[in-house]
Every structure is written in structure tokens, then in C-alpha cells.
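*Asks:* Below is a structure I'd like to ask you about.
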Number of protein chains: 2
Amino acid sequence: MAKIISVDVVDVRFPTSLSMDGSDAMNKDGDYSAAYVVLRTDDPGLSGFGFTFTIGRGNDICVLAAEQRAQPLIGQAVDDVVHDLGGVYRRLKSDSQLRWLGPEKGVEHLAMAAVMNAVWDLAARSAGKPLWRLLVDMTPEELVDVADLTYLSDVLTKDEAVAMLAELAPTRADRIAELAETGYPCYTTSAGWLGYSDDKLRRLCQEAVDSGYRHVKLKVGADLQDDIRRLRIAREVIGYDADLMIDANQVWDVPEAIAWVRALAEFKPLWIEEPTSPDDILGHAAVREAVAPIGVATGEHGMNRVLFKQMFQAGAIDFCQLDSARLASINEIVAVYLMAKKFDVPVCPHAGGVGLCELVQHLSIFDYVAVSGSLEGRVTEYVDHLHEHFVDPCVIDNGAYVLPEAPGYSAEMYESTLAEFAFPNGRYWSGAAGS
Amino acid sequence: MAKIISVDVVDVRFPTSLSMDGSDAMNKDGDYSAAYVVLRTDDPGLSGFGFTFTIGRGNDICVLAAEQRAQPLIGQAVDDVVHDLGGVYRRLKSDSQLRWLGPEKGVEHLAMAAVMNAVWDLAARSAGKPLWRLLVDMTPEELVDVADLTYLSDVLTKDEAVAMLAELAPTRADRIAELAETGYPCYTTSAGWLGYSDDKLRRLCQEAVDSGYRHVKLKVGADLQDDIRRLRIAREVIGYDADLMIDANQVWDVPEAIAWVRALAEFKPLWIEEPTSPDDILGHAAVREAVAPIGVATGEHGMNRVLFKQMFQAGAIDFCQLDSARLASINEIVAVYLMAKKFDVPVCPHAGGVGLCELVQHLSIFDYVAVSGSLEGRVTEYVDHLHEHFVDPCVIDNGAYVLPEAPGYSAEMYESTLAEFAFPNGRYWSGAAGS
């Protein structure tokens, strides 16, 4: 019987700041990075891979936190771990000394995400299934057992959750068959980074339309006149049949957000994303009321399920953009999906970064098949970079994620990538290119 | 002109789990710890001391984060730093790569607190004043410049903040003179840790009353019948003229909190502290409405000013218990005090831990003298342990903090303490006592 024998956590950083990929009004020079967790077993053919995503400095702090958080896994039998994914999560989470550092937020929560992502990858590989299929093969009761419903019982009880899942269980196979045909719809942010020139913006918008995308997203918030000019270019290219989204990355106070978004209303954005502090539930509710019918979206910095609970309770958002490497993996993400279903808010996961697209495709498929049963208002982010570092990269066809088939959570990076981009001792960072 | 030449951050841990000091329903075995920052200058007589507080494991992660966060201070002239305390804060905070790890929460925010606490200590020492006096000697405009009002303008503008402070400025001296006579009222938690026996509880309650305390706080939430028995003992000793507070340390969901507190209502607690997740603004509002006239208090895990803004907006709390080592030092704390004033919520800072009492005495004095001008409903926590490690320990007389007079933020620990309790290489942890 295989055992987990060690945990390696690697600080992987890509020099994305050089190309302005990922530039926005708040994050001008990120080096997309991952605290990358490998759970090794004594079976050379079986490991678990997971990560959290950061943008450079401080990735080493997440690495240290993940190393500590994963310690209790060492020596555990793989079978015990993969057949008690709720229990493993609860035990890792129950360290009250580490809890003090959050609770359930910031570095410690990112580390929990990285470790549990690797545990879920291990479970899917052990079962020989892609993660989404591992999830949709679970019964309603099994899914509710792994979901972390702590602090949520005022809006969702276990019985309600089971009942919601049970309603859709008999028709799961139909939706799997449908997605196998169509893929899961996505949109691209690759066109709209703030550091790109107008010409590049125009060209990338055209390429997006030509590739079958029905949604394009642009970064805004640094300069209003620039935003007006860039949105005009985007609408010239994509027209008004396609959807245009805008993303301010938290740069505004609430009154400023309202004024700025109103000044861009003529371009009819589908949503304004991250208009203000990601912690400001009541602020998002105020913005939403003021800028309707423009929708409000947030979630990539949504720290935990308690925040999302309140976003739903307060009617603060039209679109929930949970993050696969910031929430504490499937255990917390399933809880957020269940609440979103109850409050009838579509989930459009955040992606991009390092490997987030690889992860979120599994989540969106799971949502449609087992939780929401709907594609209405749902579109999952896709950003076209860094996929070449992943062994099982996501595949996009005609503006949709193709269902992944390889076992696991698609989180494994190539060894050659680690050798090149491990920080600070990989070839890139230690060599001439890094200086 | 003195310069900051180095930053040392020490992992200091005290084996408090051995005595059950600090035990509660959530935190059963904390080893009270500090990530302790020393800003050294090339003047051997001038350093800045600060820290954040943790309860053991993970303190090393805060140390690493504080080391990184403090790097930009090295080489800075002390005069430049201490005369631009708003600018220093904004520059340290502006690292967008580190921001990603929060933003403004968790380990990175604790580290920011530790570093900026040391900066404020340096500023007060440089001025030859205790921190509270440095603050009350600042003009309303100077105080508002150091306050971080980002994301708060929907409830508080700079002009409003200046006006509020200006109203009380002419009478500051009167309140200083008053506090010099009376001290600032405090309450004790030392009596009520969950791990203490009934006899010890009875004895400590009696000692509290005999020492002049008018408030006693007990931990609750592990077992309802135990809580009823312990509250009965406490009321037998202190009577109903003194105030009794209860503290659940986040163990309940919202419905459970309401039911449990109602079951303890016969003992007429002044407040229920941390009834549920510290992130749950709407949950606290629901508990407050359901258990009135028992008050709701929270804040020791209140992650940042945006959370407190919403607690005030939602009418969620009767008492604001901000934490001096979790909020990002004076810059963020002043902002919370200003909002509390506007919403007429008394601030009763969290203390205990390691050195938190030493810090909060300065805050409470500042609040009375410069911000609230009121003692009504205000009482600051005091816990009687670990003060012997501080060079300028707080002094309690007749249930009140005596005004500190030594220059600084009272944050400096003895060198001998560091030699003994530095982790893992101090004498205690490396020696026989630690094994």
C-alpha cells in the first residue's frame, strides 16, 4: 500500500514583468509565480501536484507555509488520504496555532490551497480520473462531506446541500455528454492588459473574435481618458453582439468606482470586475446598486467562503469569480458553489496566472454537471500564457475549454520548467538571463 | 544624522501551553509568541522595537515576512522616517507583489504591523516621548496624514476626519491631566481561561475584585453546562454591580451563537465576544439583533480597516476590539478610531498575548485625549502575564493603566528574554527545559 513519503515545495517564478503580460492598474510588474507542491509516494508512478499562485516577491513565504502545513501528510497511506478527503482537510485546517495567522486568509490560506490542491490531484490520479470526473462520480452525500460548511449554516445546511445536489444527480450524464460536444465556454483576458499599446490591443481583440470568443475583457482604472479610448477600440473591433468586460483590480474607493464606471457606461460592459477592496462586501453592494444594469464581479481575491457567503447575502455581486488557488481547494470551493446555486449567482472562476486555467476547467465542468446545471451567465476566464509549462495543459477550441481526460487536476509542471524557473537557483534566475 | 543600518527580526516563543494560560475554546494550547523587530541605527542609543503577536507555530513565517517587508527601511535617515510616518507606511504598503498575498490580511499584514510598530517606536524614542504623547502632540491634519483612509471615503472623508479631531483639540490637555490622576480603566481576563479549575476561577475572580477591577471576562463555548457553572461562580464572587463579559473565540456558527448566548443570558453578560467567524460582518449583525441587550464585541482577529468599516456600517458590534499587532500599526489604527468615533462605537482594544497590554495603553490614552473624548462604555483589556520580559512594562493601579512616561511604544524586550526564549536556539528551547 503506497504511502506519502515526502513533500517538496518549489518556488517557481516566471519573469512576466519583462513583457507586461498581466499588467493592470494595481499590479504593474508581476512575475507570475507558484508555490508548487509535490506529494511524493513510495510508488514512483504516483505523486500529487498542486500549487498556489502569486506574483513574485513573497512566493518563498508561501513555500515555507506550505511545507509546514503539509507535514502531517508525511507517512500517511495514500488510500487513507484519498478516501477521506474531508477528514484530511479538517485535520490540516485544525492546527490552532497556524489558524491564528489568518484565520483562513492570506499566506496561510494560500498555502492550504497549494497543499490541498496537491492532495486532490493525488486523489484523482489514484482513481485514474481527471478531477472533474472524480467529483461528478461522488454522491451528493460524499460531496457534502468534503465541503467545508463551517460558519455557513445560517445560509446553507447540510441537508439543503444534499437536496440541491440530489436534484441534479440523475441527469449528470446528459450534461457530461453535452460538454463533451461543446466544451465549457470561456473568455479571454489576453487582449486587454494595461501595458499593451493601442495597436496591440486592436490586433488581439481581432484575434479573439476570429478565434471564436464571444467575450473580451479589458483592464481599466489607471486613466479615464485612456480607458475611454481603449474601450472604443475594443467595441470597434468586437461590435456590440459580443460581450465586453472591464476589470479595475481594486484601485478605486466606492464613490470613485461609481463615478468611473458610469463614465464608461456608454460602452455597455457586461461587468465591472474588482471595483474596490475585495473585502468590501457592502461597498460592492453599493456599487452594484449604482451602476446597474452593468454587473459587478469579484472573487479572485475573495479570501474564503465566509466572504462569499456575505457577498451572496448582501446581493453584492452578479458574478462570483472564485479562485482555485486562493480558496482552500475543492473542500472550500464546493461550499462556495453550493451557496452560489442557492443564491442563483453564476460562478465564473478567475483564471490566468500560472496554471489557474488548468485548474478552473475542472471546476466549471463540475459546476455544470453536478451543481448549477446551467450555463446561463457563465463563462470561465482564459489567458493564453504559460501553458507550455504544464504536462496536461488546457485545450481551447472555438472559445471553449475542451474536457480534460488525463488523470489528475492538470497541475503537474514539467521537470524542465522547474530546472529553468526555480527561484533563485534555476537556470533562468541564476544565469545571464536573470541578471 | 542617524541612519537605519539593519533590521533584526527575532522569533520569540514562550511555553505558555504548559500552564494553560491563554486557553480558550478555539485555542487550546497556544505558545504565546512574537515576531520581534529591531530597527538598529548607527546611533547605539537609538533603536526602534516592535512586534506582532502569534501563538506559536508559524511565528517563523511572520519573521520571514517582516524581514522582507522592512528591507526598504535600511539605509534611510531616521529623521526622514520619523517625520514622514504616513509616507513610510504608504511606501512599505505599496509593494504590489507582496500585496497579492493578502491584500492587507494574514501573515503579510501581521508583518506590516510588526515593522510599522517598530517604526512608530523609533519615532517616539527619537522625539523623547511616549507614543501616546507623540500622537496627542500631532495636529488634526498631521494625524489624518498618517491615517490610512484608503477604501474608507464612502464613510469618512479627510475633511470630516480633520473636523472631528479639531473639535477636541483645544481640550486635549484637560483629558491628559484627568488620566494622569485616574489612569485608563481596564478589565482582566486573567481569571477566566478555560483550562482553569473552578477553585482557581473563584480565587482569581475574588482577587480581581479585591484589586479594584469592575469587569471580569470569562472564556466560554466549549461546553454549555460548564459555562453555566462557571458563570454562576463568577457572579457569586463579583456580584451584579460589576460587569461580566464572555468570550467564545469564534467557535460558533451564527444560529448556534444565538442559542448559546441566550442560554447564558440569565448571568447578564455585558458582551459576547467573538461569537462567530471574525470575517462575518452580517453574522455579527444578526447575533447582535438576536441577543440584545447583551452587546456584541469583536476585533482581535479583525483583519483590516475595511472589515471594521463594514462592522460599523452594518451596526454589527457594540464594542470594537481592534488589535495593536494585527492592524498595520498606528496608520491603520487611527483610521479605525476615527470611524468608531463617527459611528459612536466605543473602542476597547484587545490585549493580553505578548506585549499587547504594553501597546494598547498608548492607544486608549490617545483615543480619550484626541479622538473620542469619552470613557463611556470603554474599558481596555489587561492580562497579567509576560510583562516581566518588557523593559517598560505597563503598570496597573486600582483597575486602570497608569500613563506610561518612558519614550517609545513600550515594545522593547530584555536582551536576556531573547537569549532565553528565541526559537529554536534560545536557552529554553534548546536546553533541557524545552525537551
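The values are calculated or read from the model by the stated rules, or taken from the named source; none is laboratory data. For clarity, every value in this text was computed on a predicted model and none was experimentally measured. FYI the Cβ positions are ideal-geometry reconstructions off the backbone, even for glycines, and counts take in every protein chain you see.
*Asks:* Regarding B:I246, is this residue part of a helix (DSSP H, G or I), touching an Asp or Glu at 6+ places or on another chain (Cβ under 8 Å), on the phi < 0 side of the Ramachandran plot and more than 14 Å from every other protein chain (Cβ to nearest Cβ)?
*Replies:* Values: part of a helix (DSSP H, G or I): no; touching an Asp or Glu at 6+ places or on another chain (Cβ under 8 Å): yes; on the phi < 0 side of the Ramachandran plot: yes; more than 14 Å from every other protein chain (Cβ to nearest Cβ): yes.
The answer is no for B:I246.
*Asks:* While we're looking at this one, here's another question. Consider B:D11 carefully, then state whether it is surrounded by 20 or more Cβ atoms within 10 Å (Cβ to Cβ), out of contact with any Gly (no Cβ under 6 Å at 6 or more places or on another chain), within 14 Å of another protein chain (Cβ to nearest Cβ) and at pLDDT below 95. Write out each step before concluding.
*Replies:* Values: surrounded by 20 or more Cβ atoms within 10 Å (Cβ to Cβ): yes; out of contact with any Gly (no Cβ under 6 Å at 6 or more places or on another chain): yes; within 14 Å of another protein chain (Cβ to nearest Cβ): yes; at pLDDT below 95: no.
For B:D11, the condition - surrounded by 20 or more Cβ atoms within 10 Å (Cβ to Cβ), out of contact with any Gly (no Cβ under 6 Å at 6 or more places or on another chain), within 14 Å of another protein chain (Cβ to nearest Cβ) and at pLDDT below 95 - is not met.
*Asks:* Select from the range A:237-248 the residues that are surrounded by fewer than 22 Cβ atoms within 10 Å (Cβ to Cβ) and in contact with a strand residue (DSSP E or B) (Cβ under 9 Å, 6 or more places away or on another chain) and write down the one among them that is farthest from A:C186 (Cα to Cα). Step through it out loud before you land on a result.
*Replies:* Within the range A:237-248, the subset surrounded by fewer than 22 Cβ atoms within 10 Å (Cβ to Cβ) is A:237-243.
If we keep only those that are in contact with a strand residue (DSSP E or B) (Cβ under 9 Å, 6 or more places away or on another chain) as well, we get A:237-238, A:242-243.
On the way: A:V237: 19, A:I238: 16, A:A242: 13, A:D243: 12 Å.
Checking each candidate, the answer is A:V237.
*Asks:* Oh, and also: Which pairs do you get when a residue that is free of Cβ contacts under 8 Å to residues at least 12 places away in the same chain, found in the range B:208-235, comes within reach of a residue that is part of a loop (DSSP other than H, G, I, E, B), reach meaning Cβ atoms under 9 angstrom, with the pair 6+ apart or on two chains?
*Replies:* B:D223/B:A25; B:D226/B:L194; B:D226/B:V220
*Asks:* Let me ask you something else. Determine which member of the set A:A325, A:A340, A:A290, A:A285 is within 24 Å of B:D253 (Cα to Cα), within 13 Å of chain B (Cβ to nearest Cβ) and of a type in the set (G, A, S).
*Replies:* Every option except A:A285 fails the conditions.
*Asks:* If you go through the range A:404-435 one residue at a time, how many are over 17 Å from the mean Cα position of the chain (by Cα), in a loop (DSSP other than H, G, I, E, B) and either of a type in the set (V, I, T) or at pLDDT 95 or above (or both)?
*Replies:* Of the residues in the range A:404-435, 8 are over 17 Å from the mean Cα position of the chain (by Cα), in a loop (DSSP other than H, G, I, E, B) and either of a type in the set (V, I, T) or at pLDDT 95 or above (or both).
*Asks:* Considering the range A:384-403 alone, what residues qualify as being assigned to a loop (DSSP other than H, G, I, E, B), touching a strand residue (DSSP E or B) at 6+ places or on another chain (Cβ under 8 Å) and of a type in the set (A, V, I, L, M, F, W, C)?
*Replies:* First pass over the range A:384-403, keeping only residues assigned to a loop (DSSP other than H, G, I, E, B): A:384-386, A:391-395, A:397-399, A:402-403.
Those still in the list that are touching a strand residue (DSSP E or B) at 6+ places or on another chain (Cβ under 8 Å) too: A:384-385, A:391-392, A:394-395, A:399, A:402-403.
Listed by number, the residues that qualify are A:V391, A:C394, A:V395, A:V402, A:L403.
*Asks:* Moving on to the next point. Considering only the range B:89-108, I want to know if a residue exists there that is in contact (Cβ under 8 Å) with a residue 12 or more places away in the chain, away from chain A (no Cβ under 14 Å) and hydrophobic (A, V, I, L, M, F, W, C).
*Replies:* No.
*Asks:* With the condition kept exactly as written, say whether any residue in the range B:262-281 is away from chain A (no Cβ under 14 Å), in contact with a Leu (Cβ under 7 Å, 6 or more places away or on another chain) and within 20 Å of B:H350 (Cβ to Cβ).
*Replies:* Yes, the conditions are met somewhere in the range B:262-281.
*Asks:* Ok, one more. Residues that are in contact with a Pro (Cβ under 9 Å, 6 or more places away or on another chain) and surrounded by fewer than 19 Cβ atoms within 10 Å (Cβ to Cβ): does the range A:204-219 have at least one?
*Replies:* yes
Per-residue answers, yes or no, for (1) within 14 Å of another protein chain (Cβ to nearest Cβ); (2) over 30 Å from A:M311 (Cβ atoms); (3) not polar (S, T, N, Q):
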site	(1), (2), (3)
B:C348	no, no, yes
B:L356	yes, yes, yes
B:L363	no, yes, yes
B:V369	no, yes, yes
B:S372	no, yes, no
B:D392	no, yes, yes
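*Asks:* Kindly list, by first and then second residue, each pair from a residue in the range B:293-307 that is within 9 Å of chain A (Cβ to nearest Cβ) and without any contact (Cβ under 8 Å) to a residue 60 or more places away in the chain to a residue that is hydrophobic (A, V, I, L, M, F, W, C) and not in a loop (DSSP other than H, G, I, E, B), limited to pairs with Cβ atoms under 8 Å and residues at least 6 apart or on different chains.
*Replies:* Taking only residues 6 or more apart or on different chains, the pairs are B:L307/B:I281.
*Asks:* Sticking with this one: I need the full set of residues from the range A:220-236 which are buried (at least 22 other Cβ atoms within 10 Å of the Cβ) and closer than 14 Å to A:K200 by Cα, in order please. Step through it out loud before you land on a result.
*Replies:* Filtering the range A:220-236 down to residues buried (at least 22 other Cβ atoms within 10 Å of the Cβ) leaves A:220-221, A:227, A:230, A:234.
Correct list: A:R230, A:A234.
*Asks:* Here's another thing I want to ask about it. Checking B:R69 against (1) more than 19 Å from A:L101 (Cβ to Cβ); (2) within 14 Å of chain A (Cβ to nearest Cβ): exactly one of these is not met. Which one?
*Replies:* If we test B:R69 against (1) more than 19 Å from A:L101 (Cβ to Cβ); (2) within 14 Å of chain A (Cβ to nearest Cβ), just (1) comes out false.
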